[in-house]
Amino acid sequence: MTGKNIGLQAIIINEMKLKELSPPLFFHCIIHQHALCAKIMSWDSIMKEVVSIINFIRSNGLNHRQFQSFLIEINAEYGDVLYYTAVRWLSRGRVIERFFMLRQEIYNFLKEKGKDASMLENQTWISELAFCVDILKYINEINIKLQGKNQLIPDMWFHIKSFEMKLKLLQTHIEKNELTHFPNCKKLFESSEFSLSRVKFVEAISILQQEFNNRFQDFKRHSQYFQLLANPFNIDVEDIPVELQMEIIDLQPQDILKDSFKASPLLFFAELPASFSKIKNIAAKYFSMFGSTYVCEQAFSHMKKIKNPYRSRLTDDHLHRVLRASTSNFNVEIEKIINNIQQQKSH
């Protein structure tokens, strides 16, 4: 898809050059890039042990039932541990968070079963687990913000920028031994004599920062345009491309247009007078693009649910219609449809 010489991108660019047209913009799905950045924090020493213990509990039916009964007996906050699924964006953060919350119950259960639970007695390992829970919570939060329909590229980019700023703040706080933004670490270190592995934690955040900086270069090249589209009335003329500066100067003093922008940014750019044609073209170019493949992947998820073994007579036409209905924003008025259908009366 993205090969420089024979990939789809290269073919499209070459064709556009032959036709003397400007090349299109290419963006790697922002959610996918975010997921790849998150993977840099593998923390194998944590995940390997967590997944091993969870598999011991849940893969054996007897162990699983006994563990669930044990949690009910002691009135635990949660009723079970979660399976880890690598392909799911939020899985790792949720799995280790649940594991951390139930760590004492899991330790007691493993001891009863005669299973090795030495890692849950290791203060260094538990402190690293708490750090993973806290940092992955922030990573999952930004992932959720990037999901959903009707997400414009500038908005998604600003979510990434805010997360990069948060990483800088978190790194500074760890260096100062300030744990306000690491709630699980804070509870752990306040309630016992755990020590903070500052060097290792700072290094982990630094690596994550570097990965985000390297991954989103394609978006950073267009950050000037994103700033312009976010608020054309509050941007410094020197911070935008030269070809747009004259139009921006003419636009900013107009209070009527400013009120229109506050009411509806998309409608504002669509209804701009012809004298602002360059700004309108930039807005049309970026607002019409998909920042991620979320909508496509959501459609595939719907199709997977529709094409199940119990629908043996599902044709391509049926699939097309059902998939279209399931991905539509229209609410189907089932009651009204049923009432309009002539009911078959018994004789």
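The values are calculated or read from the model by the stated rules, or taken from the named source; none is laboratory data. What you see is a predicted model; the values in this text were computed from it and never measured. Positions of Cβ are backbone-derived with ideal geometry, glycine not excepted, and every protein chain shown enters the neighbour counts. Keep in mind that these areas ignore ligands, DNA and RNA; they rest on the heavy atoms of the full protein, side chains included. Shrake-Rupley method; radii C 1.70, N 1.55, O 1.52, S 1.80 Å.
Which value, in debye to the nearest 20, gives the size of the charge dipole of the range 203-328 about its Cα centre, when Lys and Arg are +1 and Asp and Glu are -1 at the Cβ? All intermediate terms of the calculation are to be shown ahead of the outcome.
Values: 15 positive and 15 negative charges, 230 e Å.
The dipole magnitude comes to about 1100 debye.
If R₀ is 45 angstrom, what is the calculated FRET efficiency for the pair residue 199 and residue 242, using the beta carbon separation as r and rounding to 0.05? Provide the component values of the computation, followed by the final result.
On the way: r = 46 Å, r/R0 = 1.02.
With a Förster radius of 45 Å, E is 0.45.
Hey, with R₀ at 41 Å, roughly what FRET efficiency would residue 116 and residue 214 work out to, going by the Cβ-Cβ distance, to 0.05?
Details: r = 39 Å, r/R0 = 0.95.
Efficiency, from the Cβ-Cβ distance: 0.55.
Taking the chain as a Gaussian network, where each spring joins two C-alpha atoms under 10 Å apart, which residue of 310, 225, 107 fluctuates the most?
310
Packing-wise, with mean Cβ within 10 Å as the measure, how do 205-214, 4-13, 135-144, 332-341 rank, highest first? Please report the intermediate quantities before stating the final value.
Values: 205-214: 15.8, 4-13: 11.7, 135-144: 17.7, 332-341: 8.5.
Per-residue Cβ counts within 10 Å, averaged per peptide and sorted highest first, yield 135-144, 205-214, 4-13, 332-341.
Taking only protein heavy atoms into account and a 1.4 Å probe, give the accessible area per residue of the chain in Å². Please report the intermediate quantities before stating the final value.
On the way: 21830 Å² over 347 residues.
That works out to 63 Å² per residue.
For 316, 259, 80, what's the largest-to-smallest order of accessible area, 1.4 Å probe?
Working: 316 130, 259 100, 80 20 Å².
The most accessible residue leads, giving 316, 259, 80.
Mind running the shape call on the chain? Use the C-alpha gyration tensor, a ≥ b ≥ c as the square roots of the eigenvalues: rounded below 1.5 for a/c, prolate if a/b tops b/c, oblate otherwise.
Working: a/c = 2.18, a/b = 1.32, b/c = 1.66.
It comes out oblate by the Cα gyration axes.
Let me check I've understood the local charge: for residue 84, count other residues with C-beta under 15 angstrom from its C-beta, Lys and Arg +1, Asp and Glu -1. What total comes out? Write out the running numbers ahead of the final one.
Numbers: positive: 39, 48, 58, 88, 92, 94, 98; negative: 44, 49, 80, 97.
Summing Lys and Arg as +1 and Asp and Glu as -1 gives +3.
For the chain, which whole-number percentage of the solvent-accessible area (1.4 Å probe, protein heavy atoms only) is attributable to carbon and sulfur atoms?
Working: 11350 of 21830 Å².
That fraction is 52 percent.
Report ³J(HN,Hα) in whole Hz for each residue of the range 140-156, in order, from the Karplus equation J = 6.51 cos²θ - 1.76 cosθ + 1.60 where θ = phi - 60°; Gly and Pro get x.
My calculation for the range 140-156 gives 5, 4, 5, 4, 5, 5, 7, 7, x, 7, 6, 8, 7, 4, x, 5, 5 Hz in order.
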